[in-house]
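Enquirer: First, the structure itself, so that you have it in front of you.
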Amino acid sequence: EAGVTQFPSHSVIEKGQTVTLRCDPISGHDNLYWYRRVMGKEIKFLLHFVKESKQDESGMPNNRFLAERTGGTYSTLKVQPAELEDSGVYFCASSQGLSGTGGMNFGPGTRLTVL
Amino acid sequence: GDSVTQMEGPVTLSEEAFLTINCTYTATGYPSLFWYVQYPGEGLQLLLKATKADDKGSNKGFEATYRKETTSFHLEKGSVQVSDSAVYFCALYPSGYSTLTFGKGTMLLVSP
């Protein structure tokens with residue numbers, strides 16, 4: 001089966017611009033997660049979708065971040081306007097059940113650089 | 001809150017050397033513990049896991065034992081290869097609904 005895919009792989013934008021990241025989960029996976037790793041720090045949870053509904057968005061840093069999952073398939077994460085501290089690698093993951101069993105499949109990540 | 005602490009990297013080893021990457025955690029209850037690996041240009045992959053105290057997870061020659069008394073889950077491999085060069089992340093999943101909590105990652109560089 002195809003794995004989790006993310007687009008783009010890299011994005012370089014200037015402060016104040018808008019960027020949209022996309023994640024395509026494994027087909028049939030109801031659970032979709034967004035995580036972020038700022039350079040040299042932990043991978044931090046951002047939010048969790050179950051189908052098209054936001055189950056948990058407690059990790060979203062502020063209202064400049066907007067995540068959607070229309071139709072319960074792919075998801076987008078928009079950052080508007082981007083700030084320097086938003087730079088990092090954004091990972092998407094999907095699973096059929098919850099992640100406690102370690103069944104989470106991660107994508108390769110999108111590296112975002114805000115100048 | 002829950003947290004994971006892993007040793008700082010990079011860890012630089014010669015091929016066939018013994019590897020240990022330390023990981024300790026803080027969590028309430030009885031979390032499940034994981035090691036994930038990220039090879040260059042690829043996504044995070046689950047390397048091994050342990051779901052209760054004294055369990056040993058193993059895969060690809062790597063192993064880690066869930067030590068509740070020391071709240072540790074150290075990753076070991078007896079003889080590393082160049083192909084093991086990657087970033088390794090220790091993570092926990094608390095009991096009940098939650099999400100994965102990761103450590104900062106440890107880069108391993110293995111030279112021939």
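Enquirer: With Kirkwood's inverse mean 1/r over C-alpha pairs for Rh, give me the Rg to Rh ratio of the protein assembly as shown, two decimals please.
Expert: Expressed as Rg/Rh, it is 0.97.
Enquirer: Follow-up. Tell me which aspartates and glutamates have Cα within less than 15 Å of B:LYS104's Cα, excluding those fewer than 8 residues away on the same chain?
Expert: Leaving aside aspartates and glutamates fewer than 8 places away in the same chain, those within reach of B:LYS104 are A:GLU42, B:ASP2, B:GLU8.
Enquirer: With 23 Å as the limit, write out which pairs from A:LYS44/B:LYS49; A:LYS41/B:LYS68; B:LYS56/B:LYS77 have Cα-Cα distances beyond it, or answer none.
Expert: A:LYS41/B:LYS68
Enquirer: For the stretch A:1-41 and the stretch B:42-112, compute the distance between their C-alpha centroids and round to whole Å.
Expert: 23
Enquirer: Nearest 100 Å² is fine: how much accessible area is buried between A and B, summed over both sides, with a 1.4 Å probe?
Expert: Accessible area lost upon association: around 1700 Å².
Enquirer: Another question about this same structure. With a 10 Å cut-off between alpha carbons and a GNM built on chain A, which of A:GLY40, A:GLY97, A:GLY71 moves the most?
Expert: Result for chain A, Cα springs under 10 Å: A:GLY40 fluctuates most.
Enquirer: What share of all Cα pairs of the stretch B:1-87, in percent, falls into each consecutive 10 Å distance bin?
Expert: 16, 50, 29, 5
Enquirer: Can you tell which of B:CYS23, A:THR76, A:THR113 lies farthest toward the positive end of the dipole of the protein assembly as shown, using +1 and -1 charges on the Cβ of basic and acidic side chains (Lys, Arg; Asp, Glu)?
Expert: A:THR76
Enquirer: Let me ask another. Please compute the contact order of chain A in relative form: average sequence separation of alpha-carbon pairs under 8 Å and at least six residues apart, divided by the residue count, as a percent.
Expert: After rounding, I find 37 percent.
Enquirer: Here is a further query. Tally Lys and Arg at +1 and Asp and Glu at -1 over the other residues with C-beta under 10 Å from the C-beta of B:HIS74: what net charge comes out?
Expert: Residues near B:HIS74 contribute -1 overall.
Enquirer: Further question on the same structure: Based on the inverse mean of 1/r over its pairs of different Cα atoms, what is the Kirkwood hydrodynamic radius of chain A, in Å?
Expert: Every distinct Cα pair counted, the radius reaches 14.0 Å.
Enquirer: Amide H neighbours of B:ALA86 under 5 Å, counting only residues 5+ apart in sequence or on other chains, H built in-plane at 1.01 Å?
Expert: The answer is B:LEU108.
The values are calculated or read from the model by the stated rules, or taken from the named source; none is laboratory data. From a predicted model like this one, the values you see are computed outputs, not experimental measurements. In this analysis, Cβ positions are derived from the backbone assuming ideal geometry, glycine residues included, and neighbour counts consider all displayed protein chains. These area figures cover heavy atoms from the full protein model, side chains too; ligands, DNA and RNA do not enter into them. Shrake-Rupley method; radii C 1.70, N 1.55, O 1.52, S 1.80 Å.
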